[in-house]
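The structure appears below as structure tokens.
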Amino acid sequence: MAAALKIDQFSLLDDGECDARIDAAKRLLGDRLVILGHHYQRNEVYKHAQLTGDSLKLSRLAAETDAEFIVFCGVHFMAEVADIVSFGKRTVVLPDLAAGCSMADMANLAKVRKCWAELSEILDPDEIVTPVTYINSAADLKAFCGSHGGIVCTSSNARGVLEWSFARREKVLFFPDQHLGRNTAYKMGVPLDEMVVWDFTRPQGGLTVDQIRKAKMILWKGHCSVHQMFQPAHIDNFRKQHPDGLVISHPENNLEVCEKSDFVGSTETILKTVHASEPGKHWLVGTELNLVNRLAEEMKPKNVTVQFMSPMVCMCSTMFRVDPQHLAWTLDNLVAGNTVNRIRVPEAVAEPARAALDLMLSVAP
Ligand code: 13P
Ligand code: SF4
């Protein structure tokens with residue numbers, strides 16, 4: 001085994017040189033390698049992915065693959081899930097360790113434990129509250145859910161997960177994304193006055209005992225900064241220009257945006273829905289810019305226009321961390337017999353986290 005190659009040797013390569021190295025590494029590693037790519041990856045990286053998807057699809061693909069190496073072009077929590085669902089049998093690599101998710105970072109184990117302890121002073125959370133974590137969260141939060149009768153959800157199966165949760169316990173503590181929790185529960189008929197926001201910076205979440213007792217949904221005060229840029233006025237303006245236009249949004253958007261949209265769904269659903277569009281349609285899409293730009297290009301030959309919802313650039317800057325230089329660096333290291341940037345979840349955390357993930361896949365596949 002040669003000494004590990006350093007990222008400095010790659011950071012000055014242009015994209016064309018990186019492409020050649022990535023292609024060569026893929027040929028040399030063959031079936032030993034699978035490159036997974038989330039739909040938010042920039043084109044220069046997305047084109048190298050052998051399998052693409054939303055968070056749910058990529059989790060399944062990671063669980064199913066026989067490849068020795070999973071190189072995950074996505075963000076940290078996705079690579080953690082890949083390691084958990086593959087029982088640590090695959091080597092999961094995240095090309096840039098700085099590729100995180102700012103929303104996932106809005107909740108952590110200490111804060112969630114504090115919340116649970118504060119809830120315990122008012123009610124018995126292990127009897128009446130199901131902790132539900134969005135997959136956009138650290139592995140130890142999934143483990144917390146697994147250890148407290150809770151479950152994980154993604155943007156595509158949140159409804160099924162909440163139905164399962166409410167069939168068992170009367171309340172849900174949903175973290176870290178308040179919007180996915182609110183949008184999903186609202187669609188299920190939970191009134192807004194039975195939803196409260198837990199502000200983790202304040203004692204008892206900034207809520208009264210009465211508010212906590214009455215709430216069906218306790219929503220963590222977290223959000224995705226990318227999706228908060230989209231506003232109802234953007235949809236109103238679009239509808240003025242295109243009265244028969246169609247609007248599709250990701251459920252991480254706020255309630256008003258989702259309510260004004262014709263369709264709401266995960267990145268995979270957005271792609272499938274717009275791909276199936278009739279010619280001549282105009283679409284407004286409320287999700288990350290790389291996905292929307294790629295979709296707009298793909299749909300041009302079909303005479304379908306795809307417009308980004310905001311006049312401002314709303315790009316997932318952490319997904320953008322994965323670039324061809326980091327991808328080439330990690331792959332060339334694998335070829336040389338070195339593993340850099342391996343994501344490994346300790347089994348003590350992975351086991352309860354896996355229980356919550358398996359539950360998700362069994363109740364809301
Ligand atoms: P998907 O479930 O559509 O992959 O969404 C993940 C995400 O991070 C959206 O911001
Ligand atoms: Fe996280 Fe938002 Fe980026 Fe999705 S778009 S990975 S929620 S920061």
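The values are calculated or read from the model by the stated rules, or taken from the named source; none is laboratory data. Only a predicted model underlies this, so the values are computations on that prediction, with no experimental measurement involved. Please note: Cβ atoms are built from the backbone with ideal geometry, for glycine as well, and neighbour counts cover all protein chains shown. Just the protein is used for accessible areas: all its heavy atoms, side chains included, with ligands, DNA and RNA removed. Shrake-Rupley method; radii C 1.70, N 1.55, O 1.52, S 1.80 Å.
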Could you tell me which of rounded, prolate or oblate describes region 227-308, using a ≥ b ≥ c as the square roots of the eigenvalues of the alpha-carbon gyration tensor, with rounded for a/c under 1.5 and, failing that, prolate when a/b is larger than b/c and oblate otherwise?
-> oblate
With every protein chain left in place, what is the accessible area per residue of the chain in square angstrom, probe 1.4 Å?
-> 41
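Round to the nearest 0.05 the FRET efficiency obtained for His275 and Gln211 when R0 = 35 Å and r is the Cβ-Cβ distance.
Numbers: r = 44 Å, r/R0 = 1.25.
The formula returns an efficiency of 0.20 here.
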Cut-off under 5 Å, modelled amide H: who pairs with Thr52 long-range = Gly37
Once amide H atoms are placed 1.01 Å from N in the peptide plane, what residues at a sequence separation of 5 or more from Gly286, or on another chain, have their amide H within under 5 Å of its amide H?
-> Ile248, Ser249, His250
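Taking R0 as 45 Å, what's the FRET efficiency between Glu64 and Glu259 from their Cβ-Cβ distance, rounded to 0.05?
Computed FRET efficiency for Glu64 and Glu259 comes out at 0.80.
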Using a/c under 1.5 as the rounded threshold, could you call region 104-224 rounded, prolate or oblate? The axes a ≥ b ≥ c are square roots of the C-alpha gyration tensor eigenvalues, and prolate needs a/b larger than b/c, oblate otherwise.
-> rounded
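Does region 188-333 classify as rounded, prolate or oblate by the C-alpha gyration tensor (a ≥ b ≥ c root eigenvalues; a/c under 1.5 gives rounded; else a/b over b/c gives prolate, otherwise oblate)? Let's see the in-between values first.
Details: a/c = 2.64, a/b = 1.36, b/c = 1.95.
Since a/c reaches 1.5 but b/c is at least a/b, the shape of region 188-333 is classed as oblate.
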Rounded to whole Hz and in sequence order, give me ³J(HN,Hα) for region 125-135 from the Karplus expression 6.51 cos²θ - 1.76 cosθ + 1.60, θ = phi - 60°, writing x for Gly and Pro.
-> x, 5, 9, 10, 10, 8, x, 10, 9, 5, 4
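Give me the percent relative contact order of the chain, please, defined on Cα pairs under 8 angstrom at least 6 residues apart. Display every interim value, and only then the final one.
Numbers: 729 pairs, mean separation 90.2, N = 365.
Computed value for the chain: 25 percent relative contact order.
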Mind checking which aspartates and glutamates have their Cα closer than 12 Å to the Cα of Lys187? Skip sequence neighbours fewer than 8 apart in that chain.
-> Glu163, Glu259
Determine ³J(HN,Hα), in whole Hz, for all residues of region 341-347 in sequence, where each value follows from phi through the Karplus function 6.51 cos²θ - 1.76 cosθ + 1.60 and θ = phi - 60°; x replaces Gly and Pro.
-> 6, 6, 9, 10, 9, x, 4
Taking only the alpha-carbon atoms of the chain, what semi-axes of the equivalent ellipsoid follow from 5 times the gyration tensor eigenvalues under a square root, in whole Å, largest first?
-> 34, 28, 16
What pairs in Lys114/Lys260; Lys47/Lys260; Lys216/Lys272; Lys260/Lys281 have C-alpha atoms more than 27 Å from each other?
-> Lys114/Lys260; Lys47/Lys260; Lys216/Lys272
Which stretch or stretches of region 322-365 have amide N atoms under 14 Å from the point lying 7 Å from Ala2's Cα along the Cα→Cβ direction?
-> 329-339
Got a sec to turn the phi values of region 39-55 into Karplus ³J(HN,Hα) couplings, 6.51 cos²θ - 1.76 cosθ + 1.60 with θ = phi - 60°, whole Hz, x for Gly and Pro?
-> 4, 7, 5, 5, 3, 4, 9, 3, 5, 8, 5, 7, 9, 10, x, 8, 4
Non-local residues with an amide H under 5 Å from the amide H of Thr91, with H modelled 1.01 Å from N and Pro and chain starts lacking one, are Phe69, Ile70
Region 308-365 versus region 65-133: alpha-carbon centroid distance in Å | 11
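Tally up the carbon and sulfur contribution to the accessible surface of the chain as a whole percent, 1.4 Å probe, everything protein left in place. All intermediate terms of the calculation are to be shown ahead of the outcome.
On the way: 7830 of 14950 Å².
Heavy-atom surface of the chain belonging to carbon and sulfur, 1.4 Å probe: 52 percent.
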